[in-house]
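Q: Before I ask anything, here is the structure I am working with.
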Amino acid sequence: MNQIDQAINQEQIKNPNEEVVPLEVPIQMGENMITHVTVRKPGVKALSGTSLQAIYQYDVDALCRVLPRVTSPALTPQQVFQLDPVDFAQLGGHLVSFLYPKAFQTEIKAQTA
């Protein structure tokens with residue numbers, strides 16, 4: 001199987017409730033360098049302690065509260081605060097997009113592809 005076939009296969013089996021985000025500025029985590037972070041669709045429990053309105057408005061404090069609960073590898077709150085602003089915006093954008101209906105998510109992905 002060549003690389004193109006592998007990429008197509010990976011896209012077809014991709015979990016629709018996860019987005020892998022490449023980082024502009026990698027994060028040092030122990031001896032490992034993190035270059036990609038996976039954002040999962042949040043459940044209600046992950047959203048507790050903040051308001052949906054704040055998340056929809058990309059409120060920094062709200063996103064900093066929720067992102068550690070929905071990232072893999074699990075980012076600490078301190079790591080979220082130290083993210084490059086571009087990476088923070090990318091992770092937050094994927095988090096917010098999960099809160100829209102599927103049809104709107106598809107439309108957003110089509111416009112950004």
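The values are calculated or read from the model by the stated rules, or taken from the named source; none is laboratory data. Because the structure is a prediction, the values reported are computed rather than measured. Reconstructed Cβ throughout: ideal geometry from the backbone, glycine too, with neighbour counts over all protein chains shown. Ligands, DNA and RNA are excluded from the accessible area calculation, which covers all protein heavy atoms including side chains. Shrake-Rupley method; radii C 1.70, N 1.55, O 1.52, S 1.80 Å.
Q: Take the conditions open to solvent by less than 80 Å² (accessible area, probe 1.4 Å), of a type outside the set (S, T, N, Q) and under 15 Å from Leu75 (Cα atoms) and apply them to Gly49. Does it pass? Lay out the reasoning, then the answer.
A: Details: open to solvent by less than 80 Å² (accessible area, probe 1.4 Å): yes; of a type outside the set (S, T, N, Q): yes; under 15 Å from Leu75 (Cα atoms): no.
The answer is no for Gly49.
Q: Taking the criterion of being open to solvent by 20 Å² or more (accessible area, probe 1.4 Å), in contact with a Lys or Arg (Cβ under 8 Å, 6 or more places away or on another chain) and small (Gly, Ala, Ser), would at least one residue in the range 99-109 satisfy it?
A: Let us first name the residues in the range 99-109 that are open to solvent by 20 Å² or more (accessible area, probe 1.4 Å), namely 99-104, 106-109.
Add one more test, that the residue is in contact with a Lys or Arg (Cβ under 8 Å, 6 or more places away or on another chain), and what stays is none.
So far as the range 99-109 goes, no, none of its residues is open to solvent by 20 Å² or more (accessible area, probe 1.4 Å), in contact with a Lys or Arg (Cβ under 8 Å, 6 or more places away or on another chain) and small (Gly, Ala, Ser).
Q: Restricting to the range 55-113, and then to whatever is aromatic (Phe, Trp, Tyr) and without any contact (Cβ under 8 Å) to a residue 12 or more places away in the chain, can you tell me which residue is farthest from Val44 (Cα to Cα)?
A: Just the residues of the range 55-113 that are aromatic (Phe, Trp, Tyr), to begin with: 56, 58, 81, 88, 98, 100, 104.
So of that shortlist, the ones also without any contact (Cβ under 8 Å) to a residue 12 or more places away in the chain come out as 100, 104.
On the way: Tyr100: 14, Phe104: 20 Å.
Ranking the qualifying residues of the range 55-113, first place goes to Phe104.
Q: While we're looking at this one, here's another question. Take Pro68 and decide whether it is in a helix (DSSP H, G or I), modelled with pLDDT of 95 or more and touching a Ser or Thr at 6+ places or on another chain (Cβ under 9 Å).
A: Details: in a helix (DSSP H, G or I): yes; modelled with pLDDT of 95 or more: yes; touching a Ser or Thr at 6+ places or on another chain (Cβ under 9 Å): yes.
Spelling it out, Pro68 is indeed in a helix (DSSP H, G or I), modelled with pLDDT of 95 or more and touching a Ser or Thr at 6+ places or on another chain (Cβ under 9 Å).
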